[in-house]
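Asker: Next up is a structure, given as structure tokens.
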Amino acid sequence: MARKRFGQHFLSDPAIIDAIVRAIAPRAGQPMVEIGPGLAALTQPLVERLGRLAVIELDRDLAARLRGHGQLDVIESDVLKVDFAGVAQRLGATKIRVVGNLPYNISTPILFHLLQYVHVVEDQHFMLQKEVIDRMVAPPASAAYGRLSVMLQWRYAMEDVLFVPPEAFEPPPRVDSAVVRMVPLAQPPEVDVQLLSELVQVAFSQRRKLLRHTLGAWLSAREASGGFDLQRRAEEVPVAEYVALAQVLL
């Protein structure tokens, strides 16, 4: 049974499952972690190709069922409390691949949690609400471009790889879904993540106003401007410029 409190919608369309597995392209022996395996719709085809798979499941009943599967390492935990560097160590890997059908209600916190462990991640494939993926991959000067776009794009190359309709789930959600591929950039710019996060949050706090009304005051309090053009709206500023400003402020 799907439990409402976990925001569970189980994937059930074989063609979509096959398309997702092809997008992930698992190969035998690769260390992979699946977040929220649920009823194992993705888990089974993945483990058949990998040979072994680690899964993170919060629901104790589902975790108990998954433990009966000989090829799964079951981590019964809230994903937001999981130390992915520790998981990589446990799997004897320097880098892990992370996949999952993320619960819609906590997808953004999960993405930010994983950002802390990006150094042990080879790539991430997630199924999410399409609207969230649109924000993740949005270019500057688009309506979907915002804090999530900037905070993820400075660190990952991202691509919307597959559209997933509501009918692919049981029960069908009221929203469209999609699959995103996130590959950590090999040489990301060095930046204080907390500072960048605060800066971006302030910038997008009032989207319709020019940045001099929001970021202007914030920068003045730090006695800094970095020659940054504040006569723009937050959505007009490319990721690289936010990163460069954060670097100047250090």
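Asker: Per residue, how much accessible area does the range 96-168 have with a 1.4 Å probe, in Å²?
Answerer: Values: 2480 Å² over 73 residues.
About 34 Å² of surface per residue is accessible.
Asker: What value, in deg cm²/dmol to 500, does the helix sum -39500 (n - 2.57) over DSSP H runs of n ≥ 4 give at 222 nm once divided by the residues of the chain?
Answerer: -10500 deg cm²/dmol
Asker: Taking every pair of alpha-carbon atoms in the range 33-142, what share in percent sits in each 5 Å bin, from 0 to the bin with the longest distance?
Answerer: Spelled out bin by bin, the range 33-142 gives 2, 11, 22, 24, 20, 12, 5, 2, 1, 0 percent.
Asker: Carbon and sulfur together cover what percent of the accessible area of the range 58-215 at a 1.4 Å probe radius?
Answerer: On the way: 3650 of 7430 Å².
Result for the range 58-215: 49 percent of the exposed heavy-atom area is carbon or sulfur.
Asker: Turning to a different aspect of this structure: Report, for the chain, the % of DSSP beta bridges that are antiparallel, rounded to 5.
Answerer: Rounded to the nearest five, the antiparallel share is 50 percent.
Asker: Please give the peptides 148-154, 111-117 ranked by average Cβ packing (other Cβ atoms within 10 Å per residue), highest first, as a rough proxy for protection.
Answerer: The most tightly packed comes first, giving 148-154, 111-117.
Asker: Run down the aspartates and glutamates and flag those whose C-alpha is under 20 Å from the C-alpha of Lys209, throwing out any fewer than 8 positions away in its chain.
Answerer: Straight-distance partners of Lys209: Glu198, Asp229, Glu235, Glu236, Glu241.
Asker: Taking springs between alpha-carbon atoms closer than 10 angstrom, which of Ile110, Ile96, Ile56 fluctuates most in the Gaussian network model of the chain?
Answerer: Of the options given, Ile110 has the highest mean-square fluctuation.
The values are calculated or read from the model by the stated rules, or taken from the named source; none is laboratory data. The model shown is predicted, which means the values in this text are computed figures rather than measured ones. For neighbour counting, all protein chains shown are included, and Cβ atoms are generated from backbone atoms with ideal geometry for every residue, glycine included. Surface areas here come from the heavy atoms of the whole protein model, side chains and all, with no ligands, DNA or RNA. Shrake-Rupley method; radii C 1.70, N 1.55, O 1.52, S 1.80 Å.
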